[in-house]
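All remarks here apply to the structure that follows.
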Amino acid sequence: MRTQLTSIIKTATTALLLSSPVLLNAQTKVANLRPYDKTGINVFEAPKDTNAVFEDLKVKVGAGFTQSFQNLKHENSAKYGTANSLYKLSPGFNTASANLYLDAQLADGIRLNLTSYLSARHHNETWVKGGYIQFDKLPFKGKIWDDIMKVTTIKVGHMEINYGDQHFRRTDGGHALYNPFVENYIMDAFTTEIGGEVLVRKNSFFGQLGVSNGMIKGNVDSLIATPQDANIHKSPAVYLKGGFDKQLNDALRVRVSASYYTNKSSGGQTLYAGDRTGSNYYMIMEKEIATPATATAAAVRSSSTAQFTSGRFNPGFSKQVDALMLNGFVKAKGLEVFGTYERAKGRTKTEVEGRDATQYAIEGVYRFGANENLFLGARYNAVKSEILVGTSAQDVKIDRTSIGAGWFVTKTILLKGEYVTQQYKDFAINDYRNGGKFDGYVIQAIVGF
């Protein structure tokens, strides 16, 4: 089925590129779209322009490509040859990642997006991330509808949900141009879900209400009851966002936001496990043997495809989660400061009580040179969480320090590098992350348009 879907997507894309004359005219006439090149940096929610003129159906083709070279080293407290010994690493190039974006202006104020991953760490074959339809105007006549849509944007689809501000600065598969660093947060709040969002913006203030199915995929299955949780009904996820974003003068911009996400009963909640492309630190802090040998099966060695979340931490809130994220952003001329505080509580279907997880991060980036085509940056990211050890919860900590630099050769071509160090603290002695740490550098060549 996946092979058939891949073939269909490739055939349809090729036919569209070869047959549609609208692809070759007016690549800039798809309105209210965040650019995929350098001009999209520090753009959060897509822009709102109610004065855009609609002429005819327009389709814009965009893409993101990333090639990485990695030289990372790791260690833990386990002796070599034991069950918890780590994967052997050496410097080298990783398989390149690639995204494909199709954005269509369907009508006046109505835009469609389809995003496909052409190649990713976890999936080397082509597959669809998701898509949505965005309304900045409605096809209804009447002053009341015009007045409402002057300040309102509506999105509906299977899409990346707008929880928090960090997802606007993260790497997404082959599109790594927005991120001044190589990897995303340790606890990566990112997922795609089926639902809708209503965003209202006026006088630099904004507020949003979103409702989704609370799962990365859709299904009509009932949940399976457990002794700890008899609820077999799925609940929708509800998420809220509000804040202030203003360019105070030519040199100073300030943005603050607060986001809240809640899902009381899910068959597969993935707020912190929704990235199916994979980490940008390949095979770091992964065991040599993923599955030990048994009497009936041979041992399975870890691979970059199967063990694709290297260096990240998933608190495991698969049945229920409540999460709050606070973000602050200041840009003063070439200096950017971006901060995050996040607190989440959740559990699996086999737990009675929820566990807590807290994350915070602070980063500073200084952009300079002609058109700010050069930058230097530093980020500190830390997570403290309760994890299950047997039937009890135990506090663990992970912290990461990253130092990065980059050069925009053009607005569509970026070369960046990062030196990183990460430590794992308070993990149980029988956990492969006990005494864990890694450091080293990663260099990436990126194209985005």
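The values are calculated or read from the model by the stated rules, or taken from the named source; none is laboratory data. Small disclaimer: the values here were computed from a predicted structure and weren't measured. No Cβ is skipped: glycine too gets one built from the backbone with ideal geometry, and neighbour counts run over all protein chains shown.
Among the residues of segment 335-370, write down those that are under 21 Å from GLN247 (Cβ atoms), in contact (Cβ under 8 Å) with a residue 40 or more places away in the chain and not β-branched (Val, Ile, Thr). Talk me through it step by step, then tell me what you get.
Of all residues in segment 335-370, those under 21 Å from GLN247 (Cβ atoms) come to 335-339, 363-368.
Imposing the further condition that a residue be in contact (Cβ under 8 Å) with a residue 40 or more places away in the chain reduces the set to 336, 338, 363, 365.
The answer is GLU336, PHE338, GLU363.
Here's a check for you: in segment 319-348, which residue that is part of a loop (DSSP other than H, G, I, E, B) and surrounded by fewer than 22 Cβ atoms within 10 Å (Cβ to Cβ) is farthest from the chain's Cα centre (by Cα)?
Going residue by residue through segment 319-348, those that are part of a loop (DSSP other than H, G, I, E, B) are 319, 333-334, 348.
Narrowing further to those that are surrounded by fewer than 22 Cβ atoms within 10 Å (Cβ to Cβ): 333-334, 348.
Working: LYS333: 27, GLY334: 25, THR348: 22 Å.
Per the criteria, the residue is LYS333.
Considering only segment 304-313, I want to know if a residue exists there that is outside any loop (DSSP other than H, G, I, E, B) and surrounded by 20 or more Cβ atoms within 10 Å (Cβ to Cβ).
no
If GLN394 passes every condition in (1) modelled with pLDDT of 95 or more; (2) surrounded by fewer than 21 Cβ atoms within 10 Å (Cβ to Cβ); (3) among the polar types (S, T, N, Q) but one, which one does it miss?
Answer for GLN394: the failing condition is (1).
Give me a count of the residues in segment 54-103 that are not in a loop (DSSP other than H, G, I, E, B) and not acidic (Asp, Glu). Can you show your working first?
Pass one, segment 54-103, residues not in a loop (DSSP other than H, G, I, E, B): 58-75, 86, 92-93, 97-103.
Those left that are additionally not acidic (Asp, Glu): 58-74, 86, 92-93, 97-102.
Within segment 54-103, residues that are not in a loop (DSSP other than H, G, I, E, B) and not acidic (Asp, Glu) number 26.
Find all pairs meeting these conditions: Cβ atoms under 7 angstrom apart; at least six residues apart or on different chains; first residue within segment 288-303 and in contact (Cβ under 8 Å) with a residue 24 or more places away in the chain and within 17 Å of GLY81 (Cβ to Cβ); second residue assigned to a loop (DSSP other than H, G, I, E, B) and among the acidic types (Asp, Glu).
Close Cβ pairs satisfying both conditions: SER302/GLU286; SER302/GLU288.
Checking the conditions here, which among LYS155, LYS217, LYS150 is modelled with pLDDT under 95 and of a type in the set (Lys, Arg)? Break it down stepwise before answering.
Details: LYS155 fails: modelled with pLDDT under 95; LYS150 fails: modelled with pLDDT under 95.
Going through LYS155, LYS217, LYS150 in turn, just one is modelled with pLDDT under 95 and of a type in the set (Lys, Arg): LYS217.
For segment 171-184, which residues satisfy the criterion of being out of contact with any Lys or Arg (no Cβ under 9 Å at 6 or more places or on another chain) and either over 16 Å from SER402 (Cα atoms) or surrounded by fewer than 21 Cβ atoms within 10 Å (Cβ to Cβ) (or both)?
Filtering segment 171-184 for residues out of contact with any Lys or Arg (no Cβ under 9 Å at 6 or more places or on another chain) gives 171, 174-175.
Scanning segment 171-184 gives GLY174, HIS175.
I need the full set of residues from segment 212-256 which are touching a residue at least 40 places away in the same chain (Cβ under 8 Å) and under 19 Å from THR191 (Cα atoms), in order please.
Answer for segment 212-256, where residues must be touching a residue at least 40 places away in the same chain (Cβ under 8 Å) and under 19 Å from THR191 (Cα atoms): SER212, GLY214, MET215, ILE216, LYS217, GLY218, ASN219, PRO236, ALA237, TYR239, LYS241.
Do you know which residues across segment 166-206 are in a strand (DSSP E or B) and either in contact with a Phe, Trp or Tyr (Cβ under 6 Å, 6 or more places away or on another chain) or among the polar types (S, T, N, Q) (or both)?
Narrowing segment 166-206 to residues in a strand (DSSP E or B): 172, 175, 192-202, 205-206.
Within segment 166-206, THR192, PHE205 qualify.
Does segment 104-151 hold any residues that are under 28 Å from the mean Cα position of the chain (by Cα), part of a strand (DSSP E or B) and hydrophobic (A, V, I, L, M, F, W, C), and which are they?
ALA104, LEU106, ILE110, LEU112, LEU114, LEU118, TRP127, VAL128, ILE133, PHE135
Table: residues versus (1) touching a His at 6+ places or on another chain (Cβ under 7 Å); (2) of a type in the set (Val, Ile, Thr).
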site: MET285; (1), (2): yes, no
site: ARG312; (1), (2): no, no
site: MET325; (1), (2): no, no
site: GLY334; (1), (2): no, no
site: VAL337; (1), (2): no, yes
site: SER392; (1), (2): no, no
site: ARG400; (1), (2): no, no
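The rows are residues; the columns are (1) aliphatic (A, V, I, L, M); (2) over 29 Å from GLU351 (Cα atoms); (3) surrounded by fewer than 16 Cβ atoms within 10 Å (Cβ to Cβ).
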residue	(1), (2), (3)
ILE186	yes, no, no
GLU193	no, no, no
ASN203	no, yes, yes
LEU209	yes, yes, yes
GLY218	no, no, yes
ASP229	no, no, no
ILE232	yes, no, yes
LEU240	yes, no, yes
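Within segment 94-103, can one find any residue that is surrounded by fewer than 19 Cβ atoms within 10 Å (Cβ to Cβ) and either over 26 Å from GLY311 (Cβ atoms) or of a type outside the set (Lys, Arg) (or both)? Steps first, please.
So the first thing to find is which residues in segment 94-103 are surrounded by fewer than 19 Cβ atoms within 10 Å (Cβ to Cβ), and the list is 95-96.
Next, from what is left, pick out any that are either over 26 Å from GLY311 (Cβ atoms) or of a type outside the set (Lys, Arg) (or both): 95-96.
Scanning segment 94-103 turns up at least one residue that is surrounded by fewer than 19 Cβ atoms within 10 Å (Cβ to Cβ) and either over 26 Å from GLY311 (Cβ atoms) or of a type outside the set (Lys, Arg) (or both).
Which numbered condition in (1) free of Cβ contacts under 8 Å to residues at least 24 places away in the same chain; (2) surrounded by 21 or more Cβ atoms within 10 Å (Cβ to Cβ) is the only one that LYS143 fails?
(2)
Of the residues THR296, THR277, only one is part of a loop (DSSP other than H, G, I, E, B), polar (S, T, N, Q) and more than 23 Å from SER116 (Cα to Cα); which? Show your work before the answer.
On the way: THR277 fails: more than 23 Å from SER116 (Cα to Cα).
Result of the check over THR296, THR277: THR296.
Residue under question is ARG367, and the condition is that it be assigned to a loop (DSSP other than H, G, I, E, B) and either under 24 Å from the mean Cα position of the chain (by Cα) or crowded, with 17+ Cβ neighbours inside 10 Å (or both); does it hold?
Working: assigned to a loop (DSSP other than H, G, I, E, B): no; either under 24 Å from the mean Cα position of the chain (by Cα) or crowded, with 17+ Cβ neighbours inside 10 Å (or both): yes.
No; evaluated as a whole, the condition is false for this residue.
Do we have any residue at all in segment 118-138 that's more than 29 Å from GLY448 (Cα to Cα) and of a type outside the set (Val, Ile, Thr)? Steps first, answer last, please.
Filtering segment 118-138 for residues more than 29 Å from GLY448 (Cα to Cα) gives 138.
Keeping just the survivors that are of a type outside the set (Val, Ile, Thr) gives 138.
Yes, segment 118-138 contains at least one residue that is more than 29 Å from GLY448 (Cα to Cα) and of a type outside the set (Val, Ile, Thr).
Only one of (1) surrounded by 15 or more Cβ atoms within 10 Å (Cβ to Cβ); (2) within 30 Å of SER266 (Cα to Cα); (3) modelled with pLDDT of 95 or more is not met by ASP356, so which one is it?
(1)
Conditions first: (1) assigned to a strand (DSSP E or B); (2) surrounded by 19 or more Cβ atoms within 10 Å (Cβ to Cβ). TYR163 passes all but one, so which condition is the exception?
In the conditions (1) assigned to a strand (DSSP E or B); (2) surrounded by 19 or more Cβ atoms within 10 Å (Cβ to Cβ), TYR163 misses (1) alone.
Return the only residue of PHE244, PHE308 being of a type outside the set (Val, Ile, Thr), out of contact with any Asp or Glu (no Cβ under 8 Å at 6 or more places or on another chain) and closer than 26 Å to THR350 by Cβ.
Details: PHE244 fails: closer than 26 Å to THR350 by Cβ.
Selected residue: PHE308, the only one of PHE244, PHE308 that is of a type outside the set (Val, Ile, Thr), out of contact with any Asp or Glu (no Cβ under 8 Å at 6 or more places or on another chain) and closer than 26 Å to THR350 by Cβ.
Hey, does segment 113-134 have a residue that's touching an Asp or Glu at 6+ places or on another chain (Cβ under 8 Å), over 25 Å from GLY40 (Cβ atoms) and surrounded by fewer than 17 Cβ atoms within 10 Å (Cβ to Cβ)?
No; the residues of segment 113-134 include none that is touching an Asp or Glu at 6+ places or on another chain (Cβ under 8 Å), over 25 Å from GLY40 (Cβ atoms) and surrounded by fewer than 17 Cβ atoms within 10 Å (Cβ to Cβ).
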